[in-house]
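Before any comments, here is the structure.
The values are calculated or read from the model by the stated rules, or taken from the named source; none is laboratory data. Everything numeric in this text was worked out from a predicted model, so none of it was measured. Don't worry about glycine lacking a Cβ; one is built from the backbone with ideal geometry, like all the others, and counts go over all protein chains shown. With ligands, DNA and RNA removed, areas are computed over all heavy atoms of the protein, side chains included. Shrake-Rupley method; radii C 1.70, N 1.55, O 1.52, S 1.80 Å.
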Amino acid sequence: MGSSGEPDGQQPVYDFEPAGWIDLTDACHHYEGKHEVPWDIQKYFSQRYSIFSYYDDGICMTDDAWFGVTPEPIANKIAEDMKSSPKKIKILIDLFCGAGGNTIAFALTERWDRIISIERDTATLACAQNNASVYGIDDGYITWVHGDSFAFLKTLFSNPVALHPDLQVDLDATILFASPPWGGPGYSTDEVFNLNNMQPYSIADLHEAYKPLDHVLFLPRTSDLRQLAKLAPDNKKIDIVQMCMEGASKALVAYVPGRGMAKA
């Protein structure tokens, strides 16, 4: 029998495999003028060079991706800060890669031996691959995964042999990054935002999935710090950094220590 339980000579079937190259679809747009842009993303289009400074070189986005992409200066600052992770940490998994803003910033630092970037929407993943190419990132440096990041992590932690060998990692050398959808009532207006109201994933959902490993969360600027403090393992602390552009806070980043597999 083969290593995955198939008869010898048959190709093993894995729960997750590298995505390979995905062609751009009709949902992938490179808007050139405001007149082309749906009204609800026009304000984001006006900020396009803050989102991707190489926008004019062929950056593509789905309409939904505009709402979640990290502005390039902030993505670069996060990537620079994460370079100081312990030297043994050599693998980074971007759990919600979207159109690729954070993944590109991580890759450009050349800090990581491996980057695995996960996106469940096909068109958005095609945009991310295209955008990484626009930024000159070598084909093959990023391993792209088309799928659900929660299911991926569950497999990674509980049954790693069900992953393609290119997706199996040394957990002791791995850190997670998540820029999840924020959603929910109040995240843009509440003075203090209840992270249990994030949609479709609450802070509890995220932490429960991520807690075995060190993880970095990109969250609303008004996030309830008391809720984040409760995520800290015993005798450890959570570092929180406010991310600002043009004199205004845009988001915060929480650096959460892992609890280890034995305590997961």
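Note on Ile93: accessible area approximately 0 square angstrom, rounded to 10, probe 1.4 Å, nucleic acids and ligands left out. Between Val145 and Ala19, Ser117, Ile118, Glu119, the built amide H atoms are under 5 Å apart, and every one of these is 5 or more places off in sequence or on another chain. Each helix, a run of at least 4 DSSP H residues, gives -39500 (n - 2.57); summed and divided by the residues of the chain, these come to -6500 deg cm²/dmol at 222 nm. Accessible area ranking (1.4 Å probe, heavy atoms, ligands and nucleic acids excluded), largest first, for Tyr210, Tyr141, Tyr135, Tyr187: Tyr187, Tyr141, Tyr135, Tyr210.
For the chain, the share of accessible area belonging to carbon and sulfur comes to 47 percent (1.4 Å probe, ligands and nucleic acids excluded). For the pair Ala232 and Ser84, a Förster radius of 22 Å applied to the C-beta separation gives a FRET efficiency near 0.70, rounded to the nearest 0.05. For the chain, a crude dipole built from +1 on the beta carbon of Lys and Arg and -1 on the beta carbon of Asp and Glu, taken about the Cα centre, is about 1240 debye to the nearest 20. Leu231 contributes an accessible area of around 20 Å² to the protein surface, as traced by a 1.4 Å probe with all chains present. The slack between Lys154 and Glu36, meaning 0.36 nm per residue of separation minus the straight C-alpha distance, is 38.4 nm. The relative contact order of the chain, computed from alpha carbon pairs under 8 Å that lie at least 6 residues apart in sequence, is 17 percent.
Beyond 18 Å in Cα-Cα separation lie the following of the pairs Lys77/Lys236; Lys211/Lys236; Lys87/Lys211; Lys154/Lys211; Lys90/Lys154: Lys77/Lys236; Lys87/Lys211; Lys90/Lys154. Heavy-atom accessible surface of the chain, averaged per residue, reaches 50 Å², computed with a 1.4 Å probe.
Applying the Kirkwood pairwise sum to the alpha-carbon positions of the chain produces a hydrodynamic radius of 19.3 angstrom. Protein-only accessible surface at a 1.4 angstrom probe places the residues Val161, Val134 in the order Val161, Val134, largest first. Computed from phi, the 3J(HN,Hα) profile of the range 42-52 under the Karplus parametrisation 6.51, -1.76, 1.60 (θ = phi - 60°) reads 5, 5, 6, 4, 5, 9, 4, 6, 7, 7, 9 Hz, with x in place of Gly and Pro. The relative contact order of the range 24-90 comes to 34 percent, based on Cα pairs under 8 Å that sit 6 or more residues apart. Taken over the C-alpha atoms, the range 132-264 has Rg and Dmax values of 16.4, 48 angstrom. Arg221 contributes about 110 Å² of solvent-accessible surface, heavy atoms of the protein only, 1.4 Å probe.
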